[in-house]
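These notes are about the structure you will find just below.
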Amino acid sequence: MRRNDLYWPNMSIQVCVLFGVYLCITPAIFAQVGIETAWLPVTDAEKQQTAPRVDKSAGAEAIFWRVHVWDEVTGSDWQRHRVNYVRVKVFNEEGKKKVSSIEIPFGKNSSVTSIDGRTIQPNGNIVPLKREDIHEREVLRLGGIRRKVKSFAMPAVEPGAIVEYRIREIHFRQNIRYLRAEIQHEYPIQKITYFVKPLGRDYIDLGMRVWPFNCQNSALHLEMNGFSSTSVENLPAFQEEPYMISPANVRAWILFLYMEQGRRDPGKYWEKRGKEIYSNLKQALRVNDEIKSAAAEVVTGAKNEEGKVLALIGYLRKKTRNLYASTVTDAERAKIIKSMPKDRVRNSTEIFKSGIGAPDELNTLFAALAQSAELEARPALVGDRQNIIFQPEMADSYFLDNIDMAVKIDGNWKLFDVSSDTLPPKMIGWREEGTRALISDPKKPTFISTPISAPDDSTSMRRGNFTLEEDGTLEGDAQLYYTGHSAASRRDSKRGDSLEKQQEEVKELVTGPFPNAEVTAIAVKNVDDTSLPLTYTYHVRIPGYAQRTGKRLLFAPFFFQQGSSPRFSASERKYPIAFEYAWREDDEIRIKIPAGFTMDNAENPGSLEFGKPGVYKLTMGYTAAGEFVASRVLEFGREGQIMFDVPAYPALKQIFEEFHRRDTVVISLKQGAQ
């Protein structure tokens with residue numbers, strides 16, 4: 001479960017109201033915090049630079065990248081302001097292409113408030129960025145997740161030009177104790193500097209520390225305007241690779257954090273933290289007759305301890321709502337927050353009565369129900385594999401920022417994500433699989449390793465029943481079923497969307513590879529019900545699906561794989577490979593071939609065994625009823641084998657190329673043949 005809290009223990013916070021802080025950052029506010037709003041002078045050396053200094057093959061290079069960050073309070077909420085000021089020198093056409101168009105992704109808890117830019121041409125002319133060249137749009141990311149981006153096209157870019165831009169952002173609901181600074185970007189950087197204005201002692205009684213990863217930064221320096229700065233020089237460009245290990249493990253970045261002075265002992269730190277988490281639960285744990293009665297009724301019929309757990313989680317998901325979910329109205333949320341005790345957290349009986357709780361509160365309520373059902377349950381701090389591979393030597397809660405509930409089942413601890421609304425009760429998020437978790441305890445907290453779910457837990461099952469006509473038109477019905485992690489990201493991207501938008505996204509799955517497809521009768525089911533597979537169904541008609549050549553029809557039987565490409569295209573690899581989770585694909589296609597046609601060439605390219613990670617099975621056949629039947633099963637990640645070192649890349653690349661070759665096999669039908 002991803003944490004939603006903004007404040008952490010051991011912080012002395014005094015809330016004050018700063019008037020005049022709005023979504024639009026004005027020059028007056030910049031002056032107030034000590035930031036220069038004018039463009040810095042362009043030096044003769046910058047104008048005359050003809051070749052990159054960091055990477056001789058680079059087409060463009062950042063001369064400097066300056067980032068100012070400061071925190072402010074508006075009412076009862078924190079806001080984090082961030083200003084990026086970048087100056088880039090362009091050396092050739094490749095560099096021109098790279099800097100001509102800039103994209104800034106942002107989410108629901110951030111806003112890009114303003115963008116300024118200009119191009120200084122080799123002849124000295126200055127061409128400003130026009131407001132009409134700045135656009136906002138939605139893009140589809142890997143996994144079907146949609147994100148908003150601001151994009152802008154820099155004007156008059158040419159080799160020898162200097163391009164500079166300034167981006168102002170506001171981030172909401174940030175954890176005030178931490179600032180993550182990305183140091184390495186899409187082109188080489190001669191020097192990047194972060195200017196951070198720490199909160200004063202009126203707000204926090206901890207000092208600011210700097211924790212670098214994969215880089216060597218300068219010592220923290222106090223500037224005249226109250227900011228503290230640190231720099232990193234001569235950074236090569238960072239280029240993401242498909243299905244790579246989390247970038248935080250290999251990319252240069254810095255964590256700014258507030259913490260006590262001195263060096264922490266990791267063992268003592270985690271022991272103390274584990275005891276604190278357990279103590280916090282115990283203080284909020286209350287059981288009354290209503291909770292006991294509910295627990296007894298829910299677990300009736302459960303065959304074992306795990307059955308009890310799954311029943312209790314299912315009950316909570318039906319009877320309670322997450323405070324931050326879209327199903328809770330603003331009025332309901334405000335009422336709950338207003339009613340919260342001022343000097344303590346709500347206890348389990350109060351949460352049960354309200355029916356609405358923050359994720360941590362739902363954990364507390366689950367613990368109360370579990371205790372009533374004679375189960376041993378307690379919170380566990382869990383790492384995030386998408387953030388960084390956690391090691392206990394990383395002595396700060398930043399690196400274990402998820403909380404799940406651990407339940408002892410048959411003598412062993414097993415984790416459950418009580419408040420998840422995208423996964424079935426037995427599963428935790430893939431980001432929490434294959435990492436470490438700290439089980440809280442009043443005496444001796446312990447670390448455990450979290451397992452990676454099996455391929456059968458995350459399936460994509462697709463079925464197609466089609467008719468192929470003489471002119472090559474394919475028509476019929478398709479059903480797609482997703483479970484586990486394969487369903488989670490799709491559920492998340494569709495939740496809250498209108499039915500029309502959900503249907504349009506399903507339509508795009510077909511019209512992407514087949515622009516002339518006619519897709520009708522689209523249905524999306526079980527978006528909110530994790531106990532059932534997420535289901536898409538539709539009717540499709542595609543003229544020209546099969547190619548007619550004389551008396552022959554050529555077609556690809558595996559409809560759902562058409563338009564795909566091999567997962568890996570690069571000949572070389574720099575970073576380790578890490579798939580998000582293990583998965584299973586199960587496809588069956590039935591195609592009624594036109595009368596008077598028979599199979600001319602239907603050679604089965606065969607199945608593929610590739611050892612421990614999994615298997616690829618393919619069968620094809622022709623029935624007496626005139627149907628061509630093809631089935632395909634791909635199972636990958638058995639025994640948790642989803643991460644691979646760089647030396648394994650050539651073999652892994654070849655395996656997926658073989659998958660693609662089989663997925664795109666072409667079958668030939670001949671008219672009039674026996």
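The values are calculated or read from the model by the stated rules, or taken from the named source; none is laboratory data. Every value quoted in this text rests on a predicted model; they were computed, and no experiment measured them. Quick reminder, even Gly has a Cβ in these numbers, built from the backbone with ideal geometry, and neighbours come from all protein chains shown. Ligands, DNA and RNA are stripped out before the accessible areas are found, and what is left, the full protein with its side chains, is counted by its heavy atoms. Shrake-Rupley method; radii C 1.70, N 1.55, O 1.52, S 1.80 Å.
Points to keep in mind about this one:
- From the list Lys501, Lys592, Lys574, the lone residue that is farther than 22 Å from Arg661 by Cα, surrounded by fewer than 18 Cβ atoms within 10 Å (Cβ to Cβ) and in contact with a Leu (Cβ under 9 Å, 6 or more places away or on another chain) is Lys592.
- Selection within the range 469-493 - surrounded by 19 or more Cβ atoms within 10 Å (Cβ to Cβ) and more than 22 Å from Arg590 (Cβ to Cβ): Thr483, Gly484, His485, Ser486, Ala487, Ala488, Arg490, Arg491, Ser493
- Annotation for the range 106-119: at least one member residue is over 23 Å from Val196 (Cβ atoms), at pLDDT 95 or above, open to solvent by 30 Å² or more (accessible area, probe 1.4 Å) and of a type outside the set (A, V, I, L, M, F, W, C).
Results for (1) surrounded by 19 or more Cβ atoms within 10 Å (Cβ to Cβ); (2) farther than 30 Å from Glu94 by Cβ; (3) free of Cβ contacts under 8 Å to residues at least 12 places away in the same chain, shown as yes or no for each residue.
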{"site": "Arg173", "(1), (2), (3)": "no, yes, no"}
{"site": "Arg177", "(1), (2), (3)": "yes, yes, no"}
{"site": "Ala181", "(1), (2), (3)": "yes, no, no"}
{"site": "Pro236", "(1), (2), (3)": "no, no, no"}
{"site": "Pro242", "(1), (2), (3)": "no, no, no"}
{"site": "Ile254", "(1), (2), (3)": "yes, no, no"}
{"site": "Tyr258", "(1), (2), (3)": "yes, yes, no"}
{"site": "Tyr269", "(1), (2), (3)": "no, yes, no"}
{"site": "Glu276", "(1), (2), (3)": "no, yes, no"}
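- For the range 607-622, residues that are in contact with a strand residue (DSSP E or B) (Cβ under 8 Å, 6 or more places away or on another chain) and either farther than 30 Å from Glu470 by Cβ or surrounded by fewer than 13 Cβ atoms within 10 Å (Cβ to Cβ) (or both) total 10.
- Residues that are surrounded by 10 or more Cβ atoms within 10 Å (Cβ to Cβ) and within 17 Å of Thr364 (Cα to Cα), drawn from the range 338-351: Met340, Val345, Arg346, Asn347, Ser348, Thr349, Glu350, Ile351
- Among the residues of this structure, Tyr536 does not count as one that is in a loop (DSSP other than H, G, I, E, B) and of a type outside the set (A, V, I, L, M, F, W, C).
- Residue in the range 618-626 that is of a type outside the set (A, V, I, L, M, F, W, C), farther than 28 Å from Ser668 by Cα and in contact with a Ser or Thr (Cβ under 6 Å, 6 or more places away or on another chain) present: no
- Where strands (runs of 3 or more DSSP E) fall wholly inside the range 562-674, the ranges with 1 or more residues that are of a type outside the set (D, E, K, R) and under 33 Å from the mean Cα position of the chain (by Cα) are 583-592, 614-622, 627-636.
- Residue within the range 439-447 that is in a strand (DSSP E or B) and either out of contact with any Pro (no Cβ under 7 Å at 6 or more places or on another chain) or open to solvent by 20 Å² or more (accessible area, probe 1.4 Å) (or both) present: yes
- Flag: Asn465 does not match the condition of being over 21 Å from Asp586 (Cβ atoms), among the polar types (S, T, N, Q) and either touching a residue at least 12 places away in the same chain (Cβ under 8 Å) or assigned to a helix (DSSP H, G or I) (or both).
- Any hit, the range 306-313, residues being in contact with a helix residue (DSSP H, G or I) (Cβ under 9 Å, 6 or more places away or on another chain), hydrophobic (A, V, I, L, M, F, W, C) and more than 13 Å from Leu362 (Cβ to Cβ): yes
- Filtered residue count, the range 525-560, keeping only those that are surrounded by fewer than 19 Cβ atoms within 10 Å (Cβ to Cβ), among the β-branched types (Val, Ile, Thr) and touching a residue at least 12 places away in the same chain (Cβ under 8 Å): 2
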